[in-house]
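Peer 1: Before anything else, here's the structure in question.
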Amino acid sequence: MLARRLSIRAYLAFVTAGFIALCATAIALPHDPYLRWQSLKGTMFESASYFYERLHFDPKPVDVVVIGSSRAQVGVSPPLLEAMLAERGRPLNVLNMSLPAAGMDIRLVEAREALRAHPEIWLLIIPVVEALPREGHQAFASLATVEDVLRSPVLVNRNLAKTWFTLPMRQMMLFAKTAAPDAFGVELQFDPSRYPGSSIGYKAMPGWQPQVPAHSIGTVEHARDLDAESAFRARDATPPLLPPALADVEFGVSRKSVRDLASLARAHGARIVFLFQPYYKGKAAPAEEAWLSQYGPVWKYLAHMDDARFFRDAGHPSDRALPDFNAWLADRIAAIMPQDASRPSLPATATPE
């Protein structure tokens with residue numbers, strides 16, 4: 001009986017060890033990272049493939065990168081912002097790498113990729129919303145490197161178990177597609193004919209696009225819709241459930257990502273700032289403004305936040321808002337860039353709010 005028990009335990013131990021070894025081998029399989037950034041085609045995050053192409057296949061430098069959610073994706077217009085910076089004597093190249101949906105862990109993945117490919121980047125603009133999200137981003141499991149996944153905090157990270165579980169299969173599929181791209185119908189070679197250009201606005205971006213409002217912007221009906229949506233957002237917001245001393249647990253994914261973003265920028269000699277665009281009739285500052293300010297200034301754009309004409313829906317600016325907003329942003333970027341520096345260093349003085 002004892003021998004039988006020992007044999008069962010030995011068998012289970014052997015199976016477990018074999019499973020772990022297979023998973024470790026699968027995770028270590030190499031692949032072409034371009035495939036990873038193409039893996040979200042056909043989803044709302046399809047613009048990730050454009051980001052990779054701009055970073056790795058376009059020789060044009062990148063000076064300023066914006067990495068936020070859909071508010072920034074719609075609001076920050078690289079063509080408009082670059083033109084306004086040039087008017088201010090700051091001819092800079094801007095890349096907007098914003099993806100829809102909240103989640104700070106994906107911002108860290110994107111920032112690492114951007115700085116790895118373009119060490120000349122001197123400014124990271126990280127847009128934030130009213131409160132740091134408790135969850136990671138939906139695209140993290142697809143875009144993150146193995147190292148990114150292994151660095152993810154465990155508490156509280158409800159997405160992490162699924163990410164770990166699917167990682168070996170993801171790596172095996174990427175390895176197979178790299179080895180036999182034709183068999184899977186994927187492209188390893190960059191196709192310039194399908195590339196939309198170095199500097200594009202949200203309308204030329206693949207993937208998610210903001211919905212067309214039910215009523216014409218500027219009408220009484222549109223303003224009524226915005227009021228209803230804004231009220232819903234306010235009711236739906238969940239305040240912190242744990243005391244402030246446990247904020248690193250409740251918001252662990254976001255807080256660790258912000259710390260790592262700040263460390264990453266510092267390691268590359270780049271500047272980091274946080275950008276806040278409120279929703280229609282929303283809060284005038286992010287809940288974590290004081291905490292965020294430890295790592296970089298928080299730029300708050302509050303103009304027209306109560307004017308329905310400047311919103312497409314409660315969360316996204318209308319095209320009418322873009323000239324004013326990008327001019328405001330150009331002023332702040334220009335103010336922290338030394339006139340005579342080919343690659344600006346960190347200014348010693350505070351930046352304008």
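Peer 1: Would you work out which of Val186, Pro100, Ile121 lies farthest towards the positive end of the dipole of the chain? Charges go on Cβ: Lys and Arg +1, Asp and Glu -1.
Peer 2: It is Val186, whose Cα lies furthest towards the positive end.
Peer 1: In addition: Suppose every K and R has +1 on its Cβ and every D and E has -1 on its Cβ; what is the size of the dipole of the chain about the Cα centre, in Debye to the nearest 20?
Peer 2: 1140
Peer 1: Moving on. Which order, highest average first, do 180-193, 280-293 follow once you tally other Cβ atoms within 10 Å for each residue and take the mean per peptide?
Peer 2: The packing order, highest mean first, is 280-293, 180-193.
Peer 1: What's the FRET efficiency of Ala228 with Ala161 using the Cβ-Cβ distance as r and R₀ = 35 Å, to the nearest 0.05?
Peer 2: Values: r = 37 Å, r/R0 = 1.05.
Given R0 = 35 Å and the Cβ-Cβ separation, E is 0.40.
Peer 1: Take the alpha carbon atoms of region 132-204, find their center, do the same for region 248-310, and report the distance between the two centers in whole angstrom.
Peer 2: What the calculation gives is 25 Å, centre to centre.
Peer 1: Just need the relative contact order of region 129-192 here, percent rounded to a whole number, with Cα pairs under 8 Å and 6+ apart.
Peer 2: 25
Peer 1: Here's a follow-up. Pick out, in residue order, every one of the trypsin sites (Lys or Arg not before Pro) in region 128-164 that is DSSP loop and has at most 13 other C-beta atoms within 10 Å; say none if there are none.
Peer 2: On the way: sites: Arg134, Arg151, Arg158, Lys162; in loops: Arg134, Arg158.
Qualifying residues, ordered by number: Arg158.
Peer 1: Taking a ≥ b ≥ c as the square roots of the eigenvalues of the Cα gyration tensor of region 129-249, is the shape rounded (a/c under 1.5), prolate (a/b larger than b/c) or oblate?
Peer 2: Details: a/c = 3.05, a/b = 1.22, b/c = 2.49.
Oblate is the answer for region 129-249, as a/c is 1.5 or above yet b/c matches or exceeds a/b.
Peer 1: Only Lys, Arg, Asp and Glu count, each charged at its Cβ (+1, +1, -1, -1), so figure out the dipole size of region 272-314 about its Cα centre, rounded to 20 debye.
Peer 2: The calculation lands at about 100 debye.
Peer 1: Which is farthest toward the positive dipole end of the chain among Ala176, Gly197, Trp37, measuring Cα position about the Cα centre, with Cβ charges +1 (Lys, Arg) and -1 (Asp, Glu)?
Peer 2: Ranked along the dipole, the leading option is Ala176.
Peer 1: Something else now. Out of every Cα-Cα pair in the chain, what percent are more than 39 Å apart?
Peer 2: 20
Peer 1: List the residue ranges in the chain for DSSP H helices whose C-alpha atoms run 27 angstrom or more along the long axis and whose Kyte-Doolittle average is 1.0 or above.
Peer 2: Flagged H segments are 2-27.
Peer 1: Which one of Ala285, Gln209, His268 has its Cα pushed farthest toward the positive end of the charge dipole of region 170-293, where Lys and Arg give +1 and Asp and Glu give -1 at the Cβ?
Peer 2: The one lying farthest along the dipole's positive direction is His268.
Peer 1: If you don't mind, there's one more thing I want to ask. Net charge near Lys256, counting Lys/Arg +1 and Asp/Glu -1 over other residues with Cβ under 15 Å of its Cβ?
Peer 2: -1
Peer 1: Taking the Cα centre of region 197-251 as origin, work out the dipole magnitude from +1 charges on Lys and Arg Cβ and -1 charges on Asp and Glu Cβ, in debye rounded to 20.
Peer 2: Value, rounded to 20: 200 debye.
Peer 1: Would you compute, from DSSP H runs of 4+ residues alone, the mean residue ellipticity of the chain at 222 nm, taking -39500 (n - 2.57) per run and dividing by the full residue count, rounded to the nearest 500?
Peer 2: -14000 deg cm²/dmol
Where a number appears in this text, it was derived from the coordinates with a stated rule and is not lab data. Just so you know, these numbers come straight off a predicted model, no measurement behind them. Virtual Cβ from ideal backbone geometry, glycine too; neighbours counted across all protein chains shown.
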